[in-house]
């Protein structure tokens, strides 16, 4: 794209606001809703917010680290921004779609770029039945919860729950239990990306469970279905010398 219109989005963090003021003074910009490329200034959480906000437009997002965690961000520098954006390499991902039925029978839908997670709401552990492509794989999982993560999300909550790090081109999803009690030795599964996952909450009145897709939480759920939504394609831009694929690979060798 020649001479793309650049727009800026910044988190509320002071470092991000300072960067926004500096960059706005140096570069011509357009409103984010009409820009061809958006520069997101903040941390990983703000990057996810920006991707969600502009998901329907499919506009590429180039993040610069001005927040706490910056795994999904490029390093910050006010110099040569237009040249950096022109050289940046795209990483394209598809979100997960969560379809939830709650205790009132109401259906909720939400999209997740990182993961869909189920968590117990009380002192009682959750009891879940786990199915993949309409086949029951676990009749009963007793745990604090479970999650399904995309490759991008595999280095986030999934990694903290001792799930596997997934290379971006692997075309698989991670299903990872959270503090599993029974079966105690089950460590999760890798699923092909077209897989359709269903979780049924057992003893839901005694053991209430919530479900979360990135920022959207639904409480007192009865069932949760998770599948990749191929209608949406999100594009993140990364500097060639510090691209996301290399970061994911290196993460697997950190102690």
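None of the figures in this text is laboratory data; all of them are computed from the coordinates on show. Keep in mind that this is a model prediction, so the values were computed, not measured. Counting neighbours? That spans all protein chains shown, and the Cβs are built from the backbone with ideal geometry, glycine included.
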Give the Rg (one decimal place) followed by the Dmax (whole number) of the chain, computed from C-alpha coordinates and expressed in Å.
19.5, 59
Where does each of 112-120, 135-143 land if you order them by average Cβ count within 10 Å, highest first?
112-120, 135-143
Spacing of the two label points (7 Å from each Cα toward its C-beta) at residue 252 and residue 49, in nm:
3.3
What is the helix-to-structure angle for 14-26, meaning the angle in degrees between its Cα long axis and the longest Cα principal axis of the chain, kept from 0 to 90 and rounded to the nearest 10?
40
With Cα atoms, 0 to 90° folded angle of helix 44-53 axis to the chain main axis
90
Distance in nm between pseudo-label sites at residue 68 and residue 216 (7 Å out along the Cβ direction from Cα):
2.4
If I take R0 = 30 Å and measure r between the Cβ atoms of residue 229 and residue 187 in this structure, what FRET efficiency does the formula 1/(1 + (r/R0)^6) give, to the nearest 0.05?
0.65
Nitroxide proxy distance, nm - points 7 Å out along Cα→Cβ at residue 123 and residue 13
3.8
Return the FRET efficiency for the residue pair residue 162, residue 106: r is the Cβ-Cβ distance, R0 is 45 Å, and the value is rounded to the nearest 0.05.
0.85
Length gained if residue 82 through residue 5 is fully extended, taking 0.36 nm per residue and subtracting the Cα-Cα distance, is 26.7 nm
Where Rh denotes the Kirkwood radius from the mean inverse Cα pair distance, what is Rg over Rh for segment 96-228?
0.93
To one decimal place, what Kirkwood hydrodynamic radius in Å is obtained for segment 24-137 from all pairs of distinct Cα atoms?
17.3
By its C-alpha gyration tensor, with a ≥ b ≥ c as the square roots of the eigenvalues, how is segment 1-77 shaped: rounded for a/c under 1.5, else prolate for a/b larger than b/c, else oblate?
oblate
Mean separation of Cα pairs under 8 Å and 6+ residues apart, divided by the residue count of segment 34-118: what relative contact order is that in percent?
22
Evaluated at 20 °C and 1.002 mPa s, the Stokes-Einstein D of segment 72-129 based on the Kirkwood radius over Cα pairs, in µm²/s, stands at 134
Relative contact order in percent for segment 96-228 (Cα pairs under 8 Å, 6+ apart) equals 33
